[in-house]
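Reading through the structure tokens given below for one structure.
Here, each number is a calculation from the coordinates, and none is a lab measurement. Note that the coordinates shown come from a computational prediction; the quantities given were computed from them, not determined experimentally. Note that we place each Cβ from the backbone using ideal geometry, even for glycine, and neighbour counts take in every protein chain shown.
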Amino acid sequence: MLTLFSQPKRDRRRFCDGLDRRDFLKIGGFSFGGLAHLGLPQILRASSPSPQSSSRKSVIHVFLGGGPPHQDMWEIKTEAPSEIRGEFAPISTKVPGIQIGEVFEGIAARMDKCVAIRSVVGNSGAHDAHQCLTGYDRRSLNSIGGRPSMGSVLSHLRGPVDPAIPAAVALAEKTRHEPWSEPGPAGFLGPAYQAFRPNGQGMDDLTLNNITLDRLQDRKELLRGLDTLKKSADVGGMLDGVDAFTEAAFGVLTSSQLADALDLSKEDPKVRERYGNGKPYNYQYDGAPTCNDHLLIARRLVEAGVRSVTLSYGRWDSHSKNFDLVRDHGGKLDKGLSALIDDLEVRGMLDDTTIVVWGEFGRTPRINQNAGRDHWPRVSCCLLIGGGMQTGQAIGATNRLGEHPAERPVNVQEILCTVYHNLGIDVMNTTIPDPTGRPQFLLDIREPMKELV
């Protein structure tokens, strides 16, 4: 949290570092992974490596919390018995020979820009986004803070494209089952590399409401005060020379770039209509809403220079009414993703933006007595879009009953390695030192999918 005083000096009482005890105006109220003590200057300092990279390649990570049914989306099991096959028919796509589920008409028309992976393996079975965002389960390197997510890695290795724009932003609002809305951990990199999360007050906290720049005339004194205040609490010395990054924090607030990117009122109404809003939010329960606005905001953020955007879309834990849920969630997701693809393409951004759409595992081949499908970590699915890949493919296949891969098993880490490759990061040779000084590779599997690169 960053604060600014607005009263004359004679009316102020001061902290021991010279800052006032009252009459503070709050601006820039953000939560970074729930660590209120960690402010925007530290985030910007930590995510500003030298030399700074100007690459504009980015990733939008759409997490389908709860586990989407692979056999009702990208690989309809037409030859399976009725108790397994389900209610959906396959439809042809723009790519000859590739069929997907009937709910996804928009994706079918844009299949040449997509890759359906039908045989994802390596899921840990945990009911959260952790593995999708890091490549590992929560136990890996847990004693030293755990593995960092892709957004945190990008913040560490690349830093921001623009000092006024964070490298990683997490849009998902808190869900009752909290792991479905986690932004991805910073792990052993530390909280300064956590994804940047606008809090519930959104744009109000990103702008200088009722404050003009001439009221910041004592800026240097304020910066020195903030520097002293933060350093007094920093026994590790992380904030030495923080002035430049406090300046950058003010740059975020005074430039309005981030606020503008998050403000959909600035978007063309016709574009918003193409995305839809995903309402009503059916089958949400303890999960995320089907918020299509987040897909549009994700485009606006990567256009502004954000390298990694994460969001949680819907609640796919379909132990009952699986087919009703897929019609609802799938139809809304299809509309939003189709608009996102078109939007990125018309702006010339699709080859530089990788979209990853998947959940933590698949669902059982056999339909239960409640017309639902239960948890099935043995195989799952993923949709990849854009990123300069060799798209227009369906990779892998499950057996006739959708139980396990029959062709080309694709490990979770292979997918993440491919995304890193799209982002220009050499996973084979890139390491990050952990707190013990030991270099850690980003993944155990360090070669991208040969079919896509």
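Figures for the structure shown
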| item | result |
| --- | --- |
| Burial ordering of V59, V356, V121, fewest other beta-carbon atoms within 10 Å first | V121, V356, V59 |
| Which of H156, H294, H177 has the fewest Cβ neighbours within 10 Å, and the rest in rising order | H177, H156, H294 |
| The stretch 71-100: GluC sites (Glu not before Pro) falling in loop per DSSP and having at most 16 other Cβ within 10 Å | E79, E87 |
| Neighbourhood charge, 14 Å Cβ-Cβ cut-off, centred on S318 and excluding it, Lys, Arg +1 and Asp, Glu -1 | -2 |
| Within the stretch 262-310: Cβ-based charge dipole about Cα centre, in debye rounded to nearest 20 (Lys, Arg +1; Asp, Glu -1) | 140 |
| Pairs of alpha carbons in the stretch 54-187 whose separation is greater than 21 Å (percent) | 57 |
| Rounded if a/c under 1.5, otherwise prolate or oblate - the stretch 330-426, Cα gyration tensor axes | oblate |
| Phi-based couplings in Hz for the stretch 339-346 (Karplus 6.51, -1.76, 1.60; Gly and Pro marked x) | 5, 5, 4, 4, 4, 5, 5, 5 |
| Sorted by Cβ density within 10 Å, fewest first, the residues V271, V346, V326 | V346, V271, V326 |
| Assigned charges on the beta-carbon of Lys, Arg, Asp, Glu; the stretch 69-212 dipole about Cα centre (debye) | 440 |
| Gain in span if fully extended, N399 to T430, counting 0.36 nm per residue against the direct Cα distance | 7.5 nm |
| Cα lying deepest toward the dipole's positive end in the stretch 333-386, options M349, I385, H375, charges on Cβ | H375 |
| Efficiency of FRET from Cβ geometry, K279 and T78, R₀ 45 Å, rounded to 0.05 | 0.85 |
| Protection-proxy order for peptides 61-70, 144-153, each taking the mean of Cβ atoms within 10 Å per residue, highest first | 61-70, 144-153 |
| Only Lys, Arg (+1) and Asp, Glu (-1) charged, at Cβ; the stretch 254-388 dipole about Cα centre in debye | 460 |
| Summed residue charge, Cβ within 12 Å of S256's Cβ, Lys/Arg positive, Asp/Glu negative | -1 |
| Net charge of Cβ neighbours under 11 Å - reference K57; Lys, Arg +1; Asp, Glu -1 | +1 |
